[in-house]
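Accompanying notes for the structure given below.
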Amino acid sequence: MCVDPVPPPAGHLTRRGVLAAAAVLAGTTALASAPGTAAAARRPEPRGGDLVIDGGTLLDPATGAVVEDGVVVIRDGIVRAAGARDGIEVPAGAARLDARGRWVLPGLVDAHIHFNTVDEASDAVRKGATSARSGSTNFYQDIAVRELARQVPGRAPRLKAAGVFVTPDLGDTVLADPDLTPLARLAEGVRSPEALRRVVEVNLARGADVIKTRVNERAGLPEQDPLTQVYSYEQLSEVVSAAGRRGKGVLCHSYSEQGCHDAVTAGIRSLEHGVYVGERTLHEMRRRNTFFTPTLTAMAGLAESSDPVLAERGRTYLPILKGAVRAAHELGVPLAAGTDSSGGEVDPIGREVQLMHEAGLPALDAIRTATTSAASLLGVEREAGRLAPGFSGDAVVLSGDPHQDLSVLLAPLHVVRAGQLVESA
């Protein structure tokens, strides 16, 4: 059964609701009361802060260069200068953050996280994730979080939103938008080309930056088998094509070897989880420049579950996934760090970096998975992942040398978001 032909989703109406909700969250009542999308055009763009991070040891993940007694000058939320003190003019009277004896890195990137509340978004920033990519939400909360980040940067990471999950059973998500409700009539769920396109189109009308789909069932539900494939190569190709027509990439929840291969050859942008990804698929990923976001943190958390089925699954999968990460790195497959945090618990992105290192990556390469590499996946490689002129004024100040001990990333001493010092966790 196919979806009845109807006009395209009414993006201008639903997006207005999203922006109005974000305005309420951010405390900007003018946007909420203004009519239509003209309000978005009239709202002033918030400015970032001015700050000098003074005296720390700077690490540039792109080059590996280390500069002692460094200075970072941030004005209007943008890095204007960064490097050795000599040759950098520090503005008189500028607010200063004393970083002497500390290490200073660019703000970190969590490439797979689920935001449902303002508290979760704020907690992610406090733990060092100044940029992120949503792994989907049930009711478009991530699109509102993206706007919140623009209005009040200290309360949310710069975000690429995925909207709702393209999955066979939408459940209550059919209530996320009136244009999704016709899908509730489908006895077999979201499987036909028309139904798959409908969910993608509604997401794009709501302003999604990326599309999230799946090829396997979930690992975090004991009644599901994560090696069971739910979408075929042809169905995944339909999702990729629908997203690609609007220039959007697709991230794909995956576990089985065949599922991973079908997803990659269908043209996804990034493979999520990917426990049993095989060598043939990894070679294909390198050829296509497909990213691998293994979410080791989520798998490690599964191993600590109180549910015996989930705990056994996590203990079995985690070493296999670490082996896949190591193989991917050796082959040159681009890796991105993502915690897969959800349900109110926000894991520090530094934990994912630690686990990347435990899987076999050198410390600097592990750091790159949460800076330059993840920024490239998100398409913000000219804004995030480095402290260099023209980049966003996002930084973490650490208690020690991350080359020697990556645990310093778990609890940054200070987080700076768009030139503003964020309240510590």
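Out of the residues in region 106-128 that are part of a loop (DSSP other than H, G, I, E, B) and within 23 Å of G274 (Cβ to Cβ), which is farthest from the chain's Cα centre (by Cα)?
Checking each candidate, the answer is F115.
Do you know which of the residues in region 391-424 that are in a loop (DSSP other than H, G, I, E, B) and either in the same structural domain as A132 (by TED's automatic domain parsing) or of a type in the set (S, T, Y) (or both) is modelled with the lowest pLDDT?
S424
Here is a check on your reading of the model: is P153 touching a residue at least 12 places away in the same chain (Cβ under 8 Å) and more than 23 Å from the chain's Cα centre (by Cα)?
no
From G360, G314, G379, G301, grab the single residue that is closer than 20 Å to D123 by Cα and surrounded by fewer than 24 Cβ atoms within 10 Å (Cβ to Cβ).
G301
As an exercise: evaluate V145 against (1) farther than 13 Å from A208 by Cβ; (2) out of contact with any Lys or Arg (no Cβ under 7 Å at 6 or more places or on another chain); (3) not polar (S, T, N, Q) and give the number of the one condition it does not meet.
The single condition V145 does not satisfy is (1).
Within region 366-377, is even one residue among the aliphatic types (A, V, I, L, M), out of contact with any Cys (no Cβ under 6 Å at 6 or more places or on another chain) and either in a loop (DSSP other than H, G, I, E, B) or at pLDDT below 95 (or both)?
Checking region 366-377: at least one residue is among the aliphatic types (A, V, I, L, M), out of contact with any Cys (no Cβ under 6 Å at 6 or more places or on another chain) and either in a loop (DSSP other than H, G, I, E, B) or at pLDDT below 95 (or both).
With E217, E223 as the choices, which residue is closer than 22 Å to T173 by Cβ and either in contact (Cβ under 8 Å) with a residue 12 or more places away in the chain or among the hydroxyl-bearing types (S, T, Y) (or both)?
None of the others qualify; the one that does is E217.
Go through (1) under 23 Å from G128 (Cβ atoms); (2) under 20 Å from the mean Cα position of the chain (by Cα) for E304 and report which single condition fails.
(2)
Return yes when R102 is in the same structural domain as S407 (by TED's automatic domain parsing) and modelled with pLDDT of 95 or more and no when it is not.
The answer is yes for R102.
So which residues in region 68-107 are of a type in the set (K, R), more than 19 Å from R47 (Cα to Cα) and exposed (fewer than 15 other Cβ atoms within 10 Å of the Cβ), if there are any at all?
R85, R100
Got a number for residues in region 159-190 being of a type in the set (D, E, K, R) and touching a Lys or Arg at 6+ places or on another chain (Cβ under 8 Å)?
Looking only at that region, the number is 3.
Filtering region 108-124 down to residues that are β-branched (V, I, T) and closer than 14 Å to G344 by Cα, which residue is surrounded by the most Cβ atoms within 10 Å (Cβ to Cβ)?
Only one residue tops the list, namely I113.
Testing D347 on (1) more than 16 Å from the chain's Cα centre (by Cα); (2) under 21 Å from A156 (Cα atoms), one condition comes back false. Which one is that?
Every condition holds for D347 apart from (1).
Quick test for you: out of L159, L196, L170, pick the one residue that is surrounded by 20 or more Cβ atoms within 10 Å (Cβ to Cβ) and touching a Leu at 6+ places or on another chain (Cβ under 8 Å).
L170
State whether one or more residues within region 268-285 are surrounded by fewer than 24 Cβ atoms within 10 Å (Cβ to Cβ), closer than 25 Å to L236 by Cβ and β-branched (V, I, T).
Within region 268-285, none of the residues are surrounded by fewer than 24 Cβ atoms within 10 Å (Cβ to Cβ), closer than 25 Å to L236 by Cβ and β-branched (V, I, T).
Residue under question is A243, and the condition is that it be modelled with pLDDT of 95 or more and either crowded, with 23+ Cβ neighbours inside 10 Å or under 30 Å from R315 (Cβ atoms) (or both); does it hold?
Judged against the criteria, A243 is a match.
The values are calculated or read from the model by the stated rules, or taken from the named source; none is laboratory data. Every value quoted in this text rests on a predicted model; they were computed, and no experiment measured them. Quick reminder, even Gly has a Cβ in these numbers, built from the backbone with ideal geometry, and neighbours come from all protein chains shown.
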